Amino acid sequence: MYLAIPSQPDCASAWREAVRAIDDLPGHEAYNVIIDIVDPVANTGSDDPRIAIVNDFLLPYDKSVETVANTIFPLQYYYRYGAPEFFDRFSERVLAKVRKNCRWSGYYFERMFNVPRVTGGTINQLWEIVERMRKPSVKANNKFELSLFDPDRDVDDSPYGGQCLSFLSFKLLPGDPKTLTLTAMYRNHYYTEKLLGNLVGLGRLMEFVAREAGLKVGSLTVVSTHAVVDQPKTKEVKSTRAKLEKMLADFDQACANPALAA
């Protein structure tokens, strides 16, 4: 059982086609949804009217595309401090404030670079991948795996599930320079509240790896083992189908005539 979304040119287009396909299904949900994006770093800024429309829809529910993207890759910290220094700066200035307990802050980025070792200390999975990609002696192009699911932290009786992004698999395609691709697997995926921000964040992560390792950015593939077109909510306010359909109509209008959405 799977649902393949036709390959799309950028993140916003992929988001819309995935939502369109799943929203028509019973329960507005599907399993093993496959999304492919040709250029995951194109048109990802808030100046894109399509992204602005989704963002404006999410703000009343204390969400935004940028906030979700930052849980995967904090772009401004990278721009400000560079690599690898920004890992330490992020730990000092962000994790120290937002970590709710000793298990996890809620940032997937934390799980990429701050994995506890059984013997003590931590593993920076992400930077080790970059360094291996840089080495001429590393000939294999298919050995750059990054795990975000942690059985020690995530196997519990929580009724809310826990982490949703489970695994990242980077691949290098032949060429000069080589092309970086990424496949991401999600255990559970909220397509209204999270998907667009997730795609933008994963694209930024790819851009970081490619820049630091001297690679070209290639395609992004996302596998949502369970996906739902959800209704965002807070304690005070909940979305409705009418509001969601209005936002989707505005998005489609922006696609048809970007000048009208500006």
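Since every read-out is calculated from the coordinates, none of them should be taken as a lab result. Quick caveat, the model's predicted, so the values are computed rather than measured. Please note: Cβ atoms are built from the backbone with ideal geometry, for glycine as well, and neighbour counts cover all protein chains shown.
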**Prompt:** Rounded, prolate or oblate: which fits the stretch 99-252 when a ≥ b ≥ c are the square roots of the eigenvalues of the alpha-carbon gyration tensor, with rounded for a/c under 1.5 and prolate only if a/b beats b/c?
**Reply:** oblate
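Calculate the all-directions average of the projected area of the stretch 1-156's alpha-carbon convex hull, and give it in nm².
On the way: hull surface 52.1 nm².
Taking the Cα atoms of the stretch 1-156, their convex hull projects to 13.0 nm² on average.
List the pairs from K135/K171; K171/K216; K143/K178; K97/K233; K194/K216 whose alpha-carbon separation is above 22 Å, in the order I gave them. Present the calculation step by step, with values, prior to reporting the outcome.
Values: K135/K171 15 Å; K171/K216 12 Å; K143/K178 15 Å; K97/K233 25 Å; K194/K216 26 Å.
Distance filter (> 22 Å) returns K97/K233; K194/K216.
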**Request:** Enumerate the calculated ³J(HN,Hα) couplings along the stretch 191-205 in order (Karplus 6.51 cos²θ - 1.76 cosθ + 1.60, θ = phi - 60°), each rounded to whole Hz, writing x wherever the residue is Gly or Pro.
**Result:** 7, 6, 6, 10, 4, 4, x, 4, 5, 4, x, 5, x, 5, 4
**Prompt:** Applying the Karplus parametrisation 6.51 cos²θ - 1.76 cosθ + 1.60 with θ = phi - 60° to the phi angles of the stretch 32-41, what ³J(HN,Hα) value in whole Hz is obtained for each residue in order, glycine and proline being reported as x?
**Reply:** 6, 7, 10, 10, 10, 10, 5, 10, x, 10
**Prompt:** Which ³J(HN,Hα) values in Hz, rounded to whole numbers, follow from the phi angles of the stretch 244-254 under the Karplus curve 6.51 cos²θ - 1.76 cosθ + 1.60, where θ = phi - 60° and Gly and Pro get x?
**Reply:** 5, 5, 5, 4, 5, 5, 5, 4, 5, 5, 5
**Item:** Cα principal axis extents for the stretch 43-102, largest first, Å
**Value:** 34, 27, 13
**Request:** Provide the packing ranking of 85-93, 206-214, i.e. peptides ordered by the mean count of other C-beta atoms within 10 Å per residue, highest first.
**Result:** 206-214, 85-93
**Request:** Mind listing the long-range amide H neighbours of V217? Cut-off is under 5 Å, sequence gap 5 or more, other chains count too, H placed in the peptide plane at 1.01 Å from N.
**Result:** L180
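At a 10 angstrom cut-off on C-beta neighbours, averaged per residue, how do the peptides 148-155, 18-25, 35-42 rank from highest to lowest? Write out the running numbers ahead of the final one.
Numbers: 148-155: 14.0, 18-25: 17.9, 35-42: 20.4.
My ranking of the peptides, most packed first, is 35-42, 18-25, 148-155.
Per DSSP H run of at least 4 residues, take -39500 (n - 2.57); add these up for the chain, divide by its residues and hand me the 222 nm value, nearest 500 deg cm²/dmol.
Values: 11 runs with 102 residues, N = 262.
Taken over the chain, the calculation gives -11000 deg cm²/dmol.
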**Request:** Quick one: which residues, 5+ away or cross-chain, put their amide H under 5 Å from the amide H of N114? H built at 1.01 Å from N.
**Result:** Q125
